[in-house]
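Engineer: After the structure tokens below, expect a handful of questions from me.
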Amino acid sequence: MPDGRDPITELINQLTRLPGIGERTAARLAFHVLDGPPDLAEALASALRAVRERVVRCGTCGHLTEEDPCRFCSSPRRDRSRICVVESTPDLLAVEQTGEYDGLYHVLHGLIRPLEGRTPRDLNLAGLMVRLQAGGIEEVILATNPSVEGEATALYVASLLRGTGVSVSRIASGLPMGGELEYADRATLGRALSARRRLEGDP
Ligand SMILES: [Zn+2]
């Protein structure tokens, strides 16, 4: 903790670094930790430590997991000819919850966001190319958000895969433009997956 800063201010400052948490929400959370159940602060602190210590990125697909390879990559029951490319682990879980998909995944850990200086090099793309070169993949499904950045990233990945002989498809619209996969209801996301359209590759 920086010298001289009082611990409540410090907690509020740290909480505002989380997405979607403004100063007022951070203050409310901080005071709840102080005034709430006595074990809350300790339980919260140990849960935060545990995720940092025990959760790793799957060396194959990038999923955040306690085991490497993750349960998808190591499962004999998954369709190993398909890879669904998503922005983040919450998006992977949203696709999984539709029950419409039984292939493998690849987590990019971000989207191309030129205004924020995030380029393709910042994404987990090299790992995807290694998996494709290993062979056996017939289809790559691009399931990034239907936002400007999500579309741009999907088109970029599709262009990388051009000429590899792998069929490339994009989840269908039906998700609201600018919406987020993570928050789409299961049925809508399930429909978007099953009505995916082909971008590249042989029919
Ligand atoms: Zn994996």
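Engineer: Kindly provide the set of residues from region 17-27 that are surrounded by 13 or more Cβ atoms within 10 Å (Cβ to Cβ) and part of a helix (DSSP H, G or I), ordered by number.
Structural biologist: Step one: list which residues in region 17-27 are surrounded by 13 or more Cβ atoms within 10 Å (Cβ to Cβ), which gives 21, 25-27.
Listed by number, the residues that qualify are THR25, ALA26, ALA27.
Engineer: Determine, yes or no, whether LEU104 is part of a helix (DSSP H, G or I), touching a Phe, Trp or Tyr at 6+ places or on another chain (Cβ under 8 Å) and either within 10 Å of the ligand (Cβ to nearest atom) or among the aliphatic types (A, V, I, L, M) (or both). Steps first, please.
Structural biologist: Numbers: part of a helix (DSSP H, G or I): no; touching a Phe, Trp or Tyr at 6+ places or on another chain (Cβ under 8 Å): yes; either within 10 Å of the ligand (Cβ to nearest atom) or among the aliphatic types (A, V, I, L, M) (or both): yes.
Judged against the criteria, LEU104 is not a match.
Engineer: Same structure again: Testing PRO76 on (1) in a helix (DSSP H, G or I); (2) in the same structural domain as VAL148 (by TED's automatic domain parsing); (3) loosely packed, with under 11 Cβ neighbours inside 10 Å, one condition comes back false. Which one is that?
Structural biologist: Going through (1) in a helix (DSSP H, G or I); (2) in the same structural domain as VAL148 (by TED's automatic domain parsing); (3) loosely packed, with under 11 Cβ neighbours inside 10 Å one by one, PRO76 breaks only (1).
Engineer: Condition first: more than 12 Å from the ligand (Cβ to nearest atom), modelled with pLDDT under 95, on the phi > 0 side of the Ramachandran plot and exposed (fewer than 14 other Cβ atoms within 10 Å of the Cβ). Can you find one or more residues in region 112-122 that meet it?
Structural biologist: Yes; the residues of region 112-122 include at least one that is more than 12 Å from the ligand (Cβ to nearest atom), modelled with pLDDT under 95, on the phi > 0 side of the Ramachandran plot and exposed (fewer than 14 other Cβ atoms within 10 Å of the Cβ).
Engineer: Could I ask something else about it? Checking GLY36 against (1) at pLDDT below 95; (2) in contact with a Leu (Cβ under 8 Å, 6 or more places away or on another chain), which test does it fail?
Structural biologist: (2)
Engineer: Would it be correct to say that GLY135 is in a loop (DSSP other than H, G, I, E, B), more than 13 Å from the ligand (Cβ to nearest atom), outside the structural domain of PRO19 (by TED's automatic domain parsing) and without any contact (Cβ under 8 Å) to a residue 12 or more places away in the chain? Reasoning before the result, please.
Structural biologist: On the way: in a loop (DSSP other than H, G, I, E, B): yes; more than 13 Å from the ligand (Cβ to nearest atom): yes; outside the structural domain of PRO19 (by TED's automatic domain parsing): yes; without any contact (Cβ under 8 Å) to a residue 12 or more places away in the chain: yes.
Taking the combined requirement at face value, the residue satisfies it.
Engineer: Another question, if that's okay. For region 79-90, give me each residue that is touching a strand residue (DSSP E or B) at 6+ places or on another chain (Cβ under 8 Å) and either part of a helix (DSSP H, G or I) or not assigned by TED's automatic domain parsing to the domain that holds TYR156 (or both). Write out each step before concluding.
Structural biologist: Residues of region 79-90 that are touching a strand residue (DSSP E or B) at 6+ places or on another chain (Cβ under 8 Å), as a first pass: 79-89.
Answer for region 79-90, where residues must be touching a strand residue (DSSP E or B) at 6+ places or on another chain (Cβ under 8 Å) and either part of a helix (DSSP H, G or I) or not assigned by TED's automatic domain parsing to the domain that holds TYR156 (or both): just THR89.
Engineer: Any chance region 30-47 includes a residue that's buried (at least 17 other Cβ atoms within 10 Å of the Cβ), in contact with a helix residue (DSSP H, G or I) (Cβ under 9 Å, 6 or more places away or on another chain) and part of a helix (DSSP H, G or I)? Before you say what the answer is, go through the steps one by one.
Structural biologist: Step one: list which residues in region 30-47 are buried (at least 17 other Cβ atoms within 10 Å of the Cβ), which gives 30.
Those left that are additionally in contact with a helix residue (DSSP H, G or I) (Cβ under 9 Å, 6 or more places away or on another chain): 30.
Retained after the next criterion (residues that are part of a helix (DSSP H, G or I)): 30.
The answer is yes; a qualifying residue exists.
Engineer: Residue check, ASP68 against (1) more than 16 Å from the ligand (Cβ to nearest atom); (2) assigned to a loop (DSSP other than H, G, I, E, B); (3) surrounded by 11 or more Cβ atoms within 10 Å (Cβ to Cβ), all met but one. Which one?
Structural biologist: If we test ASP68 against (1) more than 16 Å from the ligand (Cβ to nearest atom); (2) assigned to a loop (DSSP other than H, G, I, E, B); (3) surrounded by 11 or more Cβ atoms within 10 Å (Cβ to Cβ), just (1) comes out false.
Engineer: Something else: On the basis of being away from the ligand (no atom under 16 Å from the Cβ) and surrounded by 11 or more Cβ atoms within 10 Å (Cβ to Cβ), does THR89 make the cut? Walk me through it before giving the result.
Structural biologist: Working: away from the ligand (no atom under 16 Å from the Cβ): no; surrounded by 11 or more Cβ atoms within 10 Å (Cβ to Cβ): yes.
In short, no.
Engineer: When you go through (1) under 28 Å from GLY110 (Cβ atoms); (2) modelled with pLDDT of 95 or more one by one for PRO19, which number turns out not to apply?
Structural biologist: (2)
Engineer: Could you grab me the full set of residues in region 57-101 that are within 14 Å of the chain's Cα centre (by Cα) and on the phi > 0 side of the Ramachandran plot?
Structural biologist: The answer is GLY62, and nothing else.
Engineer: Moving on. Does at least one position in region 99-111 carry a residue that is touching a residue at least 60 places away in the same chain (Cβ under 8 Å) and either surrounded by 18 or more Cβ atoms within 10 Å (Cβ to Cβ) or touching an Asp or Glu at 6+ places or on another chain (Cβ under 6 Å) (or both)?
Structural biologist: Just the residues of region 99-111 that are touching a residue at least 60 places away in the same chain (Cβ under 8 Å), to begin with: 99-101.
Still in the list and also either surrounded by 18 or more Cβ atoms within 10 Å (Cβ to Cβ) or touching an Asp or Glu at 6+ places or on another chain (Cβ under 6 Å) (or both): 101.
Yes: region 99-111 contains one or more residues that are touching a residue at least 60 places away in the same chain (Cβ under 8 Å) and either surrounded by 18 or more Cβ atoms within 10 Å (Cβ to Cβ) or touching an Asp or Glu at 6+ places or on another chain (Cβ under 6 Å) (or both).
Engineer: In region 48-65, what count of residues is obtained for those that are hydrophobic (A, V, I, L, M, F, W, C) and part of a helix (DSSP H, G or I)? Outline the logic, then answer.
Structural biologist: Our first condition is that a residue be hydrophobic (A, V, I, L, M, F, W, C); within region 48-65, this holds for 48, 50-51, 55-56, 58, 61, 64.
Of the ones still in play, those that are also part of a helix (DSSP H, G or I) are 48, 50-51.
Of the residues in that region, 3 qualify.
The values are calculated or read from the model by the stated rules, or taken from the named source; none is laboratory data. Everything numeric here is computed off the predicted structure, so don't read it as measured data. Using ideal geometry, Cβ is built from the backbone for each residue, glycine included, and neighbour counts are taken over all protein chains shown.
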